[in-house]
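**Q** So that we are looking at the same thing, I have put the structure below in structure tokens.
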Ligand SMILES: [Zn+2]
């Protein structure tokens, strides 16, 4: 998870002000699509929680940070909306939310205060641990070290580290410079790890 700057609300919020439908299902399809497009841009097409690229393989969800089933008044609250992958949102989080230990919110919290992002060189594994109670519950409920996610994440992070190491051995290689810099593009997955372990600066 990385910190994401929240944009101003999209036009759909001004258009619907004071006349939102009763519930989420009542929202017009084109309004939902506009909202989704805006969130995809804001999160660079990645899951707010696990930083996987969503749109390569699925559509992704408009995620209510505080579940709309429990916090009806936040159904159409811009600051309550994130973009999430289906595994984090539908399979793992579902409607879980504990007001006393809320999940870490990438738009409101600094994820680095709540998580350790680690790469184990012996096992080539990129895993995340909670540093705080909120970090711990986020990792646990969202299962942020789930097997498939960790396999793919470890491979990407390992390759980025290898590219950086090669560059350090051959600093004039412009192709390697481009590869290492491209790992840091906002749209790349698992930046929390890449920034820590494959930072060329
Ligand atoms: Zn996810």
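**Q** Which of the numbered conditions does residue 89 fail, given that it passes all the others? Conditions: (1) away from the ligand (no atom under 16 Å from the Cβ); (2) outside any loop (DSSP other than H, G, I, E, B); (3) under 20 Å from residue 23 (Cα atoms).
**A** It fails just one condition, (1).
**Q** Taking the criterion of being surrounded by 12 or more Cβ atoms within 10 Å (Cβ to Cβ), at positive phi and within 16 Å of the ligand (Cβ to nearest atom), would at least one residue in segment 50-69 satisfy it?
**A** Yes, the conditions are met somewhere in segment 50-69.
**Q** Please find, within segment 70-86, the residue that is farthest from the ligand (Cβ to nearest atom) out of those that are in a helix (DSSP H, G or I) and under 23 Å from residue 11 (Cβ atoms).
**A** Step by step, filter segment 70-86, then rank; the result is 73.
**Q** Test each condition in (1) over 24 Å from residue 157 (Cα atoms); (2) modelled with pLDDT under 95 for residue 100 and report the one that comes out false.
**A** Failing condition for residue 100: (2).
**Q** Could you go through segment 98-113 and let me know if any residue there is more than 16 Å from the ligand (Cβ to nearest atom), part of a helix (DSSP H, G or I) and within 21 Å of residue 192 (Cβ to Cβ).
**A** Looking for residues that are more than 16 Å from the ligand (Cβ to nearest atom), part of a helix (DSSP H, G or I) and within 21 Å of residue 192 (Cβ to Cβ), one finds at least one in segment 98-113, hence yes.
**Q** Pairs, please: C-beta under 6 Å, at least 6 apart or cross-chain, first residue within 22 Å of residue 112 (Cα to Cα) and in segment 169-190, second at pLDDT 95 or above and in a loop (DSSP other than H, G, I, E, B)?
**A** Matching pairs, first to second residue: 186/44; 187/44; 189/51; 189/52; 190/51.
**Q** Among the residues of segment 129-139, is there at least one that is more than 15 Å from the ligand (Cβ to nearest atom), assigned to a strand (DSSP E or B) and farther than 15 Å from residue 189 by Cα?
**A** Yes, there is a match, as at least one residue in segment 129-139 is more than 15 Å from the ligand (Cβ to nearest atom), assigned to a strand (DSSP E or B) and farther than 15 Å from residue 189 by Cα.
**Q** Moving on. I want to confirm something. Restricting to segment 7-53 and keeping residues that are in contact with a helix residue (DSSP H, G or I) (Cβ under 7 Å, 6 or more places away or on another chain) and assigned to a loop (DSSP other than H, G, I, E, B), which single residue is nearest to residue 146 (Cα to Cα)?
**A** Result: 50.
**Q** Next up: List the pairs whose first member sits in segment 49-71 and is within 22 Å of residue 3 (Cα to Cα), whose second member is assigned to a loop (DSSP other than H, G, I, E, B) and more than 13 Å from the ligand (Cβ to nearest atom), and whose Cβ atoms are under 6 Å apart, counting only residues at least 6 apart or on separate chains?
**A** Pairs found: 65/105; 66/97; 67/95; 67/97.
**Q** Separate question: Of all residues in segment 110-122 being surrounded by fewer than 19 Cβ atoms within 10 Å (Cβ to Cβ) and within 14 Å of the chain's Cα centre (by Cα), which is nearest to residue 149 (Cα to Cα)?
**A** 112
The values are calculated or read from the model by the stated rules, or taken from the named source; none is laboratory data. In this text the structure is predicted, and so the values were computed from the model without any measurement. For neighbour counting, all protein chains shown are included, and Cβ atoms are generated from backbone atoms with ideal geometry for every residue, glycine included.
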